[in-house]
1. Can you work out the FRET efficiency for the pair D159 and V103, with r the C-beta to C-beta distance and R0 = 30 Å, to the nearest 0.05?
2. With a cap of 16 neighbouring Cβ atoms within 10 Å, and only residues DSSP puts in a loop, list the trypsin sites (Lys or Arg not before Pro) found in segment 78-163.
3. Evaluate the distance, in nm, between pseudo-label points positioned 7 Å from the Cα of L145 and of L265 along their respective Cα→Cβ axes.
4. With the radius of gyration and the Kirkwood radius both derived from the Cα set of segment 72-196, what is their ratio Rg to Rh?
5. Got the relative contact order for segment 88-231 handy, in percent, Cα pairs under 8 Å and 6 or more residues apart?
6. Which length gain, in nm to one decimal place, applies between W292 and L211 when the Cα-Cα distance is subtracted from 0.36 nm times their residue separation?
7. For D134 and S311 in one chain, what is 0.36 nm times their gap in residues minus the Cα-Cα distance, to one decimal in nm?
8. How compact is segment 210-367 by the rule of thumb for globular proteins, expressed as Cα Rg over 2.2 N^0.38 Å?
Amino acid sequence: MASSMVLSSPISHKTLPFRSSSRLLAKTNRPTSSRILLAPPAAPSKISQLSGKVLVRTSIRDSDTKETSSTSLPLVGEDSAVFEIGEQKIVSWVYFTVILGVVLFILKVAWLDGSPSGLGLGKAFIDSVSGLSDSPEVVMLLLTLIFAVGHSGLASLRDAGEKVMGARAYRVLFAGISLPLAVSTVVYFINHRYDGVQLWQLQGAPGVHQLVWFTNFVSFFLLYPSTFNLLEVAAVDKPKMHLWETGIMRITRHPQMVGQVMWCLAHTLWIGNSVALAASVGLIGHHLFGAWNGDRRLAIRYGEAFETVKSRTSIIPFAAIIEGRQELPKDYYKEFLRLPYLSITVLTLFAYYAHPLMQAGSFGLHW
């Protein structure tokens with residue numbers, strides 16, 4: 001649950017400044033590690049029918065750019081999960097560490113700390129929502145709905161909000177509202193996950209633990225394709241809305257939604273009661289809306305370029321590959337041999353072994 005609610009924000013080190021095919025083609029003279037060079041289109045009026053050559057340079061490829069088949073479609077989106085050690089600035093990561101510390105301190109004092117020295121707003125929020133119903137299933141759904149409205153609502157207002165207050169200030173507002181609501185929902189789920197009606201009991205069945213563990217492990221690689229650049233998450237770098245086209249996006253255009261579904265199915269199978277089912281219904285519903293809303297926002301932001309990406313990707317995993325709309329490069333696996341994916345692997349294993357710590361912390365809040 002904790003993993004499923006981390007704030008999403010499409011990230012990269014550099015953004016392709018395109019809104020139409022003409023602007024895409026105007027930037028082909030500046031190759032970098034995360035930019036993509038496009039050949040002139042065969043039919044300028046229909047970017048989806050482009051054919052030509054595409055050169056890609058990333059941190060995991062050879063120092064010389066490599067040319068794909070002349071029959072392959074050119075990329076119009078960004079190369080995801082690129083992380084160049086040489087481009088990192090120590091001062092930026094110092095800022096990130098300071099900002100993270102300040103955010104966690106404020107969250108603790110204002111939301112989590114119920115002692116006389118803290119505000120304890122989190123408990124007051126949980127108590128107010130719990131007062132609406134004696135059913136933990138209903139409370140779980142209400143908490144998820146409140147988080148969804150705050151999170152997706154602010155995401156939908158992002159363009160207008162950034163025009164008024166700037167990208168960094170709006171990111172602070174977004175995080176300041178979404179993070180406490182996410183923490184409250186997670187803590188309530190942990191504390192009440194075994195309440196409600198037991199629908200089935202499969203924890204002792206052969207192979208169930210292994211299936212649940214593997215499903216959760218894979219779901220983390222899908223849940224976080226948009227949070228690779230932590231500097232944008234913390235607004236050290238200017239937050240941007242990115243149009244990704246490589247890596248996990250080749251498998252599914254909405255990996256966070258697919259990862260959330262996998263997480264929910266695994267936890268519901270393992271816990272097997274009505275509270276887990278209610279949490280899964282709420283979270284899956286939220287992410288299905290998020291998939292639709294994300295496509296809508298990208299279409300408004302990138303127009304024809306997004307339609308091109310949409311035409312050769314799919315929401316259902318592997319569907320575009322099976323249908324022949326997505327052509328995988330021969331070295332596709334290299335798009336995952338990058339530091340961000342290694343970091344996700346380490347953090348996923350840490351989260352698994354840190355479950356007792358998360359449970360103890362949640363129990364201590366008495367929400």
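We did not get these values from a lab; they are worked out from the coordinates using the rules stated. Note that the structure is a prediction, hence the values are computed from the model and not measured. Reconstructed Cβ throughout: ideal geometry from the backbone, glycine too, with neighbour counts over all protein chains shown.
1. 0.80
2. Hits after loop and neighbour filter: K89.
3. 2.7 nm
4. Looking at segment 72-196, the ratio lands at 1.08.
5. 19 percent
6. Once the chain is fully extended between W292 and L211, it gains 26.2 nm.
7. 59.0 nm
8. Working it through for segment 210-367, the quotient is 1.15.
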